[in-house]
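Asker: One structure is given below, represented as C-alpha cells, and several questions about it will come after.
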Amino acid sequence: MTGIEGLTLAAGILTIMIWLAFAVADRRARRIGWRPRHQAWGLLLINILLLLPFAFTIFELEIGFFMPWIVRWALTSLSCLGAILDVIWLTYFAYFWRVRHSSLPTDRDYIIVLGCFIGRHYLSPFLKWRCDLALKIYQRSPRTKLVLCGGQGSDEAMSEAQAMFRYLRSQGVPAERMILDQRSTSTAENLLFARQLIQRDWQENQDATITLVTNDYHVLRALVYVRRLNWQISGAGAVMPVPCLINQIVREYGALLKMNPAGIVVMVLLSIIIGWLIVM
C-alpha cells in the first residue's frame, strides 16, 4: 500500500466512524424525546476540520509538485491552520471531559445558575439540567444561596430566572434562599449582574465561596468571562446526554475562538509562516 492509499484509507475510516457515531447518537437522542436540529451541519464542520491535514497531504503527494509554489504555499498554510485548530479542539475536548468527570463542590456560600433559552415552555432541558445540578450542590451546602440569572427574551414565556425560581421552589428550595437577576441577556451579563447582587447581599469580612453552574460544554467559556472580571470562582457543569452535545460543542468551540480575535490572527500568521517554511 502506498502512502497516498494509506492516507486515503485512514481519512475514509475516520469519516465513516464519525458519521456512524452521529447516526447512533441521533437515534438515542430521539429515544429520550430529544429532537436535535441541524446537528448534521455541526458534525460536517468537525469532519472537515479533522480531514483538512489529510486532504492536503494526499493532494501534495499526488500532484503537488506540478502546482505553482504560491498555490502549494496557500494549501500548505490551510493544512497547518487545520492542524492547529485540531490541537485546540482536542485541548477544549480534554477540558470538557474533565468537567464531566469532576466531583461536586460542597460548602458554597453562593451558587450562580446561568440562564439559557426557555421558549414557551416551563423549563428547557438545558436549563432543567442546570437547575438539577444546582439543587444537588445546594443540598450539600445548607447555608448556600442560589443566584438565578436570565432575563426574558421576546419569544420566552417568562424570564429565565423566574422559570428557575418556580422549578426550584417546587423542589423544596425556600424562596429566601434564592436571588433573582432578571435583567441579563448573555453569559457576560449573567456574571456581571450576579456579582453585583452577591456584593450587595454578602455581609461577611472574608470572600464568599462561589460556584457557577451551567452545562458541561459551557463551563470553560463562562470561566473565561469570570477571569475577565478578575473574579475567583469555580465552575460546575451539568452532564448532558451525549446525543445532545454535537451542535453545542461545535458552537461553543466557535464561540471560544471568537472571544479571542488576536489569537485567530496569530494562528493564521503562524500557519502562513509554517506553510512557507515547508514549501521553501
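The values are calculated or read from the model by the stated rules, or taken from the named source; none is laboratory data. Computed from a prediction, not measured in an experiment: that's the story for all the values here. Here Cβ is always computed from backbone atoms with ideal geometry, including for glycine, and neighbour counts include all displayed protein chains. Please note that ligands, DNA and RNA were not included when accessible areas were found on the heavy atoms of the full protein model with its side chains. Shrake-Rupley method; radii C 1.70, N 1.55, O 1.52, S 1.80 Å.
Asker: How many residues does the range 162-172 contain that are open to solvent by 70 Å² or more (accessible area, probe 1.4 Å) and hydroxyl-bearing (Ser, Thr, Tyr)?
Answerer: Counting residues in the range 162-172 that are open to solvent by 70 Å² or more (accessible area, probe 1.4 Å) and hydroxyl-bearing (Ser, Thr, Tyr) gives 1.
Asker: Only one of Arg195, Arg183 is surrounded by 14 or more Cβ atoms within 10 Å (Cβ to Cβ), charged (D, E, K, R) and touching a Leu at 6+ places or on another chain (Cβ under 9 Å); which?
Answerer: Arg195 is the lone residue from the list that is surrounded by 14 or more Cβ atoms within 10 Å (Cβ to Cβ), charged (D, E, K, R) and touching a Leu at 6+ places or on another chain (Cβ under 9 Å).
Asker: Does at least one position in the range 173-182 carry a residue that is within 24 Å of Leu245 (Cα to Cα), of a type outside the set (Asp, Glu) and out of contact with any Asp or Glu (no Cβ under 6 Å at 6 or more places or on another chain)?
Answerer: No, the range 173-182 contains no residue that is within 24 Å of Leu245 (Cα to Cα), of a type outside the set (Asp, Glu) and out of contact with any Asp or Glu (no Cβ under 6 Å at 6 or more places or on another chain).
Asker: Another one. Would you check if Val99 is surrounded by 18 or more Cβ atoms within 10 Å (Cβ to Cβ), of a type outside the set (Gly, Ala, Ser) and not in a strand (DSSP E or B)?
Answerer: So Val99 fits the description; yes.
Asker: Considering every residue within the range 227-244, establish whether at least one is open to solvent by 20 Å² or more (accessible area, probe 1.4 Å), under 23 Å from Asp181 (Cβ atoms) and either part of a helix (DSSP H, G or I) or in contact with a Phe, Trp or Tyr (Cβ under 7 Å, 6 or more places away or on another chain) (or both).
Answerer: yes
Asker: Picking from Val219, Val250, which residue would you name as being open to solvent by 10 Å² or more (accessible area, probe 1.4 Å) and either over 20 Å from Ala161 (Cβ atoms) or not in a loop (DSSP other than H, G, I, E, B) (or both)?
Answerer: Result: Val250 is the single residue among Val219, Val250 that is open to solvent by 10 Å² or more (accessible area, probe 1.4 Å) and either over 20 Å from Ala161 (Cβ atoms) or not in a loop (DSSP other than H, G, I, E, B) (or both).
Table: residues versus (1) open to solvent by less than 30 Å² (accessible area, probe 1.4 Å); (2) modelled with pLDDT of 85 or more; (3) not hydroxyl-bearing (Ser, Thr, Tyr).
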{"position": "Val113", "(1), (2), (3)": "yes, yes, yes"}
{"position": "His121", "(1), (2), (3)": "no, no, yes"}
{"position": "Cys131", "(1), (2), (3)": "yes, yes, yes"}
{"position": "Ile137", "(1), (2), (3)": "yes, yes, yes"}
{"position": "Pro142", "(1), (2), (3)": "no, no, yes"}
{"position": "Gly151", "(1), (2), (3)": "yes, yes, yes"}
{"position": "Glu156", "(1), (2), (3)": "yes, no, yes"}
{"position": "Glu160", "(1), (2), (3)": "yes, yes, yes"}
{"position": "Pro174", "(1), (2), (3)": "no, yes, yes"}
